[in-house]
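Nothing in this text is a laboratory measurement; each read-out follows from the coordinates by a stated rule. No experiment lies behind these values; they were computed from the predicted model shown. FYI the Cβ positions are ideal-geometry reconstructions off the backbone, even for glycines, and counts take in every protein chain you see.
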Amino acid sequence: MDIPVDLKHKPVIVSDNYDVVDGRYANSSDAKGLSLGLAQWNERGKVEISAKIWRHTGEKWSRQSEEMPLHRVLDLAILICKTKLYFSNLYHTDKKDFPNYPQIDRIGLQGNAMNVAVCEANEHIEEDIKLFDSCLHQDDEILSERLKILSDLLKKMSY
């Protein structure tokens, strides 16, 4: 299925078969493609690149397709890595070993910091942490494969 090129987001680089590799949704995903292109919110003289996840209902392209600036995609990758690291250490330590709990970390970005914390406002947080941890373990092979590829690419780029 070809990603639309006549909409406001203008694809430049595409993965038009994302539905066959979409983690646990592979071969049954409504996320049919990924693209990097010119953002739909561009104004004359102000161009930004965005990443887009293209969803298809089976009949038409979905309004649930998502477009994000590239820095947000990377911020999500950072959050995923920090979360995976936190959960891998959760069984090796106790809450008392996290002196700033619920805060997990503050990651310096652009002269400030992105907070990473356990959501204590969630009234079911203890139960949800267990469910989240279970999902991380269940998807470990899917996530680890992608993180390994990302790590290799970052090394090739001298990061």
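Overview of results
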| read-out | value |
| --- | --- |
| Mean separation of Cα contacts under 8 Å, 6 or more apart, over the residue count of the chain: relative contact order % | 12 percent |
| 5 angstrom amide H check on Ile104, placed H, neighbours 5+ away | Val116, Ala117, Val118 |
| GluC sites (Glu not before Pro) restricted to region 77-159 and DSSP loop, no more than 13 other C-beta within 10 Å | Glu120, Glu123 |
| Amide H contacts of Asp22 (H built 1.01 Å from N, under 5 Å, at least 5 apart or other chain) | Asn27 |
| Modelled FRET efficiency - R0 25 Å, Trp41 with Asn112, Cβ distances, 0.05 increments | 0.60 |
| Under 24 Å from Lys10, Cα to Cα: lysines that are on another chain or at least 8 residues apart | Lys32, Lys46, Lys52, Lys60 |
| Highest-fluctuation residue, Gly23, Gly37, Gly58 considered, GNM on the chain with Cα pairs under 10 Å | Gly58 |
| Inter-centroid distance (Cα atoms) of region 52-83 relative to region 105-119, Å | 21 Å |
